[in-house]
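The values are calculated or read from the model by the stated rules, or taken from the named source; none is laboratory data. The model shown is predicted, which means the values in this text are computed figures rather than measured ones. All Cβ positions, glycine included, derive from the backbone under ideal geometry; neighbour counts span all protein chains shown. The protein model used for the area step is the full one, side chains on, heavy atoms only, and it has no ligands, DNA or RNA in it. Shrake-Rupley method; radii C 1.70, N 1.55, O 1.52, S 1.80 Å.
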2 protein chains.
Amino acid sequence: MGVNRNGSADRGTAEKVLSAASRLFYANGVRAVGMERIVAESGVAKTSVYRHFHAKDELVAAFLEWEDREFWRQWDGIVAAAPNNPKAELMSLLDWIGKRVTRDGYRGCPQINVAAEFADPEHPARKIRRRHKAEMLKRLRDIVGRIGVTRPGDTAMQLGLLIDGAFTSDGRLSKASAVRILQNGAEALLAGT
Amino acid sequence: MGVNRNGSADRGTAEKVLSAASRLFYANGVRAVGMERIVAESGVAKTSVYRHFHAKDELVAAFLEWEDREFWRQWDGIVAAAPNNPKAELMSLLDWIGKRVTRDGYRGCPQINVAAEFADPEHPARKIRRRHKAEMLKRLRDIVGRIGVTRPGDTAMQLGLLIDGAFTSDGRLSKASAVRILQNGAEALLAGT
DNA sequence: GTATAATGATACCGATCGGTAGCGCTGTCA
DNA sequence: TGACAGCGCTACCGATCGGTATCATTATAC
């Protein structure tokens, strides 16, 4: 067996490690998960883990980078499937987010959660989070710009706050109401001053 | 010396410990701070620390309970100073929150930050956070009820999301714009569907 | 005085932390 | 066949984790 048949580095092993680490980090927090547990649950020897990721911080960064890419991949998928209309686009995204934050096992935004564990603003997790949230703001700003509001910067920020609030809502949003609350809230913000 | 002269337990020592622990927990995260450091920076012997708080979790809970009480104490102060008018009350609270989240050294809502470090929903930190956020929702619901909106539950939740978003904004809100963005956002949400 | 209660200092506990060394095994490619 | 690369296994490292035991010191109350 083995996935690779080419001369490049084997991706199967690194992926097994990253997959197990991501699941454990998200479910338990980074500092609560020891490397030994990642070794055990990935089925990869400790030596090999450290051959692919030279330190735990690298693994943390790889986790957040992956989450970042995956988030925007799904975002782009929603946008592509939405009617070619900025308001409908935003509503589709909020439908996606509303379902996302109320699905089983959802434990908040990984960027926010992990960054909260590291005080140093120069820690990789903090940098990746800043970039991720800046990208979010940029995209929201683009959408509200196309919709046409009087203060697009403010409105984009307000939508960003609403979304980050939903990310940290921790069960306070129900499956039945989350999408409605987000979409109606966005409508109100778009119509606002 | 010594602060106590009555028969009850000495509060000075416990307060020194809680004060140092609170500062360290908030600035660095709970798991990043060892008990030895709390001993060192509080100036209280380890034995005495454990005489007042039987485990680290108890200290964590005491920190969040104190933050909770202090938050509502300030909230009540804002409300008391505001004009007797639910909308002005809400605007005063958002003025307070906007300044709070942009002040130096602000590192997010302690309830959110600490709860993110503990996966078990029955951990004291998680329970205190749930209670804190439920209280927030209740108070917002009361205010918007007095203002009179068509769906007070939804509007209160939207305001809560906006506020929690501000709490986790991590420098994205500037001193110049935070209050305006929050207040205008709330106005829009109140006027919404 | 003397009893009582609280604190401080030091040394220590087993467990776990992130990370490394050494060595043998296995599969691929020339 | 032989070189080589990637992986697994075991044992280990110093440091730190949360928490405890022992005992001396201090201050107040009677």
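Peptide A:151-159 shows a mean partner chain C-beta count of 4 within 10 Å per residue C-beta. In the complete set of protein chains, residue-level accessible area for A:Glu15 is approximately 110 Å², probe 1.4 angstrom. Pairs A:Lys127/B:Lys175; A:Lys99/A:Lys138; A:Lys133/B:Lys87: which are spaced more than 27 Å apart, C-alpha to C-alpha? Too far apart for the 27 Å limit: A:Lys133/B:Lys87. Each Lys and Arg adds +1 at its Cβ and each Asp and Glu adds -1 at its Cβ; summed about the Cα centre, the protein assembly as shown shows a dipole of about 140 debye. Structure remark: mean-square fluctuation, Gaussian network model of chain A, C-alpha springs under 10 Å; the largest value among A:Ala55, A:Ala178, A:Ala21 belongs to A:Ala55.
Once A binds B, the 1.4 Å probe can no longer reach about 3500 Å² of accessible area, counting both sides. Ordering B:74-80, B:112-118 by mean Cβ neighbour count within 10 Å, with the highest value first, yields B:112-118, B:74-80. Shielding of peptide B:133-145 by partners, expressed as the average count of other chain Cβ atoms within 10 Å per residue Cβ, is 1. Using the alpha-carbon positions of segment A:8-54, Rg (one decimal) and Dmax (whole number) come out as 10.2, 34 Å. Nearest 10 degrees, 0 to 90: what angle lies between the long axis of helix B:152-167 and the longest principal axis of chain B (Cα atoms)? Orientation of helix B:152-167: about 50 degrees from the principal axis. For B:Gly153, the point set 7 Å out from Cα toward Cβ sits 3.9 nm from its twins in the other copies, listed from shortest up. Axis of helix B:124-147 versus longest Cα principal axis of chain B: the two differ by about 30°, to the nearest ten degrees.
Under the rule a/c < 1.5 gives rounded, and otherwise a/b versus b/c splits prolate from oblate, where does the protein assembly as shown land using the Cα gyration tensor? Since a/c reaches 1.5 but b/c is at least a/b, the shape of the protein assembly as shown is classed as oblate.
The same position A:Asp57 in the other copies lies at 3.1 nm from this copy, comparing label points 7 Å beyond Cα toward the beta-carbon, shortest first. For chain A, with the dipole built from +1 on Lys and Arg beta-carbon atoms and -1 on Asp and Glu ones, taken about the Cα centre, which of A:Gly43, A:Val60, A:Ala80 lies farthest toward the positive end? Selected residue: A:Ala80. Taking the Cα centre of segment B:9-54 as origin and assigning +1 to Lys and Arg Cβ atoms and -1 to Asp and Glu Cβ atoms, the resulting dipole is close to 60 debye. Relative to the longest principal axis of the Cα atoms of chain B, the long axis of helix B:11-28 lies at roughly 60 degrees. For B:Lys99, the accessible surface of its heavy atoms amounts to roughly 120 Å² (probe 1.4 Å, protein chains only, rounded to the nearest 10). Take each residue of peptide B:66-72, count the partner chain Cβ atoms within 10 Å of its Cβ, and average: the result is 0. In percent, rounded to a whole number, the relative contact order of segment A:47-193 is 28, using alpha-carbon pairs under 8 Å and six or more apart. Shortest first, B:Gly77 label-point distances to identical copies amount to 5.0 nm, with the label point at 7 Å from Cα along Cα→Cβ. Under 19 Å between alpha carbons, and skipping anything fewer than 8 positions from A:Lys16 in its own chain: which lysines qualify? The reachable lysines, counting only those whose Cα sits under 19 Å from A:Lys16, are A:Lys46, A:Lys56.
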